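J.: Sending over a structure as structure tokens; questions will come in a sec.
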Amino acid sequence: MSLNRMRAARRLALGAALGIGLAAAAVAQPAREFERAELGYLNADVRAEVERRATGSNTPRGVMETIMLNNLQLRLPATEVVAVDFLKSTVVYRTPDGALRTARFNPANLTVVE
């Protein structure tokens, strides 16, 4: 392989790596903004707890879902939080028999209201 071809191949590889890195950063940014928006619904105490527990691989969304699942299990048979809609104050959860159900929740403290 000639020196010019080797340089061109190296530039191509570096350009591809840079492009992938920039794309990953662009995808990650909206997720952080989305999580910040969800944190904005929480009261100060719950938000502080979520931020305190969101370390390492624990994301704010994951911590919120865990808190919500714990609160769901106090009132309903729930095994998993499947989806959360803060705008509609609705959570979709899975029951022990695998069925999907919805419940309303208070977005300020993540507790079930029905």
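Every read-out reported here was derived from the displayed coordinates using simple, explicitly stated rules and does not represent laboratory data. This is a predicted model, so every value here is computed, not measured. Using ideal geometry, Cβ is built from the backbone for each residue, glycine included, and neighbour counts are taken over all protein chains shown.
J.: Would you mind computing, in nm to one decimal, how far apart the modelled labels at ARG32 and THR59 are, each placed 7 Å from Cα along Cα→Cβ?
T.: Label at ARG32, label at THR59, 1.4 nm between them.
J.: Run the Debye formula on the Cα coordinates of the range 51-114, all scatterers equal and no solvent, and tell me log10 I(q)/I(0) at q = 0.21, 0.23 1/Å.
T.: Cα-only, vacuum Debye calculation for the range 51-114: -0.79, -0.92.
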